[in-house]
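See below for the structure under consideration.
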Amino acid sequence: MTTVGLLQTPLNATHRAHGAKMVDFGGWDMPVQYSGLVDEHHTVRKAVGLFDVSHMGEIEIRGREALRATSFITTNNTAGLKDGQVHYSGLLYDHGGFVDDILVHRVSATDFFLCVNAGNQEKDFEHIRAAVASFDCEAEYASPKYAQIAIQGPLALATAQPLTETLLAPIRYYWFVDGTFAGVPARIARTGYTGEDGFEIYVAPENAASVWAAIMASGAPHGIKPCGLGARNTLRLEAAMALYGHEIGASISPLEAGLNWIVKFDKGDFIGRDALLRQRETGLTRKLAGFEMKGRGIGRDGYEVHIEGAPVGWVTSGSPSPTQNRNIGLCYVPSDRAAVGQKIEVIVRNQPVEAELVPTPFYKRPQ
C-alpha cells in the first residue's frame with residue numbers, strides 16, 4: 001500500500017515488491033532498509049550494494065557563459081574542471097552559510113550538470129536561476145529527466161562492467177562518461193556517498209526499473225544486495241562526509257565545517273566570498289570535529305556536547321560504526337577546544353557520557 005501524499009521515485013514499486021521497509025524521508029517514500037542496516041552496511045564495505053538515490057535533484061546550466069555563471073554561484077574552482085570531470089562544491093548565501101552542498105559535473109564549457117540534495121532542489125533552483133540571470137546562460141530544473149542509481153563497494157566495478165561497452169576501469173574517481181548502460185542511454189559517474197569505490201548511474205525515469213533489475217542480476221555472483229538510506233547514512237558517517245541539515249546548513253559556513261578545500265578564494269568573485277574572507281580574518285569560533293564515545297551510550301544527532309560540565313556545542317551526526325564496532329559521531333565545539341584528544345561529554349538521556357575527539361575520517365577504504 002502506497003503512503004498517501006509522499007513523493008515516489010520510479011523504483012517505488014520495485015522496493016515494495018521486494019520487501020523494503022519504507023519511510024517518509026523528507027517527503028519522499030524511500031526504503032530505509034531491506035535485509036537490515038548492519039547487514040547492508042557490511043555488504044557495501046565487503047562486496048557491493050545497490051541504492052536508489054533518484055530523490056536527488058538535478059539542475060543543468062547551459063549557454064555561452066555557463067562556466068562563468070557556475071563559477072560565480074559555487075565555491076570551488078569550476079574553471080579547473082576538464083570535460084568529464086566532477087567536483088564537490090558549496091552553494092552559498094551572501095552571508096556565507098550553505099544553500100546546499102552539490103556535485104558539479106562539467107559536460108563542456110557551455111554545459112554543467114549539478115546534482116543537489118533531494119530536500120533542497122526547488123530552493124536550489126530558485127537560488128541558481130536568480131543568481132545566473134545576469135549571465136548569458138540558462139538554468140533548467142532537470143530532476144524530472146533523471147533517475148539515479150548508485151552501485152557502491154569494492155565489487156562495484158565487477159558488477160557494472162558487464163552492463164556497458166564503456167571501459168569503466170580507466171574512469172578516475174570523480175570523473176564521468178556518457179554512454180549506454182544496461183541497454184539505455186546513461187551518464188556513468190565514478191562518484192558516491194559511502195566511502196567506497198562505485199558508480200552513480202543517471203538514466204531516464206522510465207528505464208530505472210529495468211536498469212535496477214539488470215544490476216541486481218549482474219551483481220548476483222558478487223553478493224549484491226539492495227540497500228536503504230539507513231546504511232547509506234552510517235557509511236557516509238564513517239567516511240565523515242557532510243550531510244545537509246546536520247554538518248552543514250544555512251547558519252554554518254564551509255570554513256566551520258572543515259571544508260576549506262572546496263573554497264577557492266583566488267578564483268575571483270563568488271556568492272559568499274566576502275563573508276568567508278571576513279570570517280577567515282576574524283577567526284572561527286567553532287569547528288566540526290569527530291568523536292568516539294568512551295562511556296556507554298550513543299551520541300545521537302542533536303545531543304548537547306559539554307566540556308568540563310558546561311554546554312559548548314552539539315552532535316550533528318552520531319551512530320554505532322558497524323565497520324569498527326564503536327560509537328562515533330561528528331559535533332561542533334569551540335575552535336580552541338577542537339584538538340584531537342580533547343575530552344568532551346555527550347548528554348545522553350540527561351546524563352553526561354564521556355567521549356573524546358578523534359581524527360576523521362573514521363574509515364578510509366584500502367587503496
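The values are calculated or read from the model by the stated rules, or taken from the named source; none is laboratory data. Bear in mind that the values here come from a model prediction, so they are computed numbers and not experimental data. FYI the Cβ positions are ideal-geometry reconstructions off the backbone, even for glycines, and counts take in every protein chain you see.
Of all the listed residues (178, 111), the sole one being of a type in the set (D, E, K, R) and either crowded, with 23+ Cβ neighbours inside 10 Å or farther than 18 Å from residue 67 by Cα (or both) is 178. Does residue 60 qualify as being in contact with a strand residue (DSSP E or B) (Cβ under 7 Å, 6 or more places away or on another chain), under 16 Å from residue 226 (Cα atoms) and of a type in the set (D, E, K, R)? No. Annotation: residue 70 fulfils all but one of (1) touching a Gly at 6+ places or on another chain (Cβ under 7 Å); (2) not in a strand (DSSP E or B); the unmet one is (1). Taking the numbered list (1) more than 25 Å from residue 253 (Cα to Cα); (2) in contact with a Leu (Cβ under 7 Å, 6 or more places away or on another chain) in turn, residue 143 passes all entries but (2).
Taken together, the residues in region 89-114 that are free of Cβ contacts under 8 Å to residues at least 60 places away in the same chain and not aliphatic (A, V, I, L, M) amount to 5. Filtered by the rule that a residue be in a loop (DSSP other than H, G, I, E, B) and in contact with a Pro (Cβ under 9 Å, 6 or more places away or on another chain), region 51-67 gives a lone residue, 54. The set of residues in region 233-272 being touching a Gly at 6+ places or on another chain (Cβ under 9 Å) and part of a helix (DSSP H, G or I) consists of 235, 236, 237, 238, 262, 267. In the set (1) surrounded by 17 or more Cβ atoms within 10 Å (Cβ to Cβ); (2) charged (D, E, K, R); (3) outside the structural domain of residue 43 (by TED's automatic domain parsing), the condition left unmet by residue 280 is number (1). Within the option set 219, 245, being farther than 21 Å from residue 164 by Cβ, small (Gly, Ala, Ser) and not assigned by TED's automatic domain parsing to the domain that holds residue 289 holds for one residue only, 245. One residue stands out in region 7-62 among those that are among the hydroxyl-bearing types (Ser, Thr, Tyr) and surrounded by fewer than 20 Cβ atoms within 10 Å (Cβ to Cβ): the one that is farthest from residue 138 (Cα to Cα), namely 35. Based on what the data block shows, is residue 32 under 22 Å from residue 201 (Cβ atoms), outside any strand (DSSP E or B), in the same structural domain as residue 204 (by TED's automatic domain parsing) and in contact with a strand residue (DSSP E or B) (Cβ under 6 Å, 6 or more places away or on another chain)? In short, no.
If you go through region 315-353 and keep only what is surrounded by fewer than 18 Cβ atoms within 10 Å (Cβ to Cβ), in a strand (DSSP E or B) and among the charged types (D, E, K, R), you end up with 326, 343.
Candidates 153, 183: the one that is closer than 26 Å to residue 29 by Cβ and at pLDDT 95 or above is 153. All conditions in (1) touching a His at 6+ places or on another chain (Cβ under 8 Å); (2) part of a loop (DSSP other than H, G, I, E, B) hold for residue 82, with the sole exception of (1). Can you find even one residue in region 177-187 that is assigned to a loop (DSSP other than H, G, I, E, B) and farther than 17 Å from residue 48 by Cβ? There is at least one residue in region 177-187 that is assigned to a loop (DSSP other than H, G, I, E, B) and farther than 17 Å from residue 48 by Cβ.
Going by the structure shown, is residue 230 in contact with a helix residue (DSSP H, G or I) (Cβ under 8 Å, 6 or more places away or on another chain), buried (at least 22 other Cβ atoms within 10 Å of the Cβ), of a type outside the set (A, V, I, L, M, F, W, C) and at pLDDT 95 or above? Considered against the rule, which asks whether it is in contact with a helix residue (DSSP H, G or I) (Cβ under 8 Å, 6 or more places away or on another chain), buried (at least 22 other Cβ atoms within 10 Å of the Cβ), of a type outside the set (A, V, I, L, M, F, W, C) and at pLDDT 95 or above, residue 230 comes out as no. Being more than 21 Å from residue 11 (Cβ to Cβ) and in a loop (DSSP other than H, G, I, E, B) is the filter here; which residues of region 159-176 pass it? Listed by number, the residues that qualify are 165, 166, 167, 168, 169, 170, 171, 172, 173, 174.
All conditions but one from (1) crowded, with 17+ Cβ neighbours inside 10 Å; (2) over 22 Å from the mean Cα position of the chain (by Cα); (3) within 24 Å of residue 100 (Cα to Cα) apply to residue 312; the one that does not is (3).
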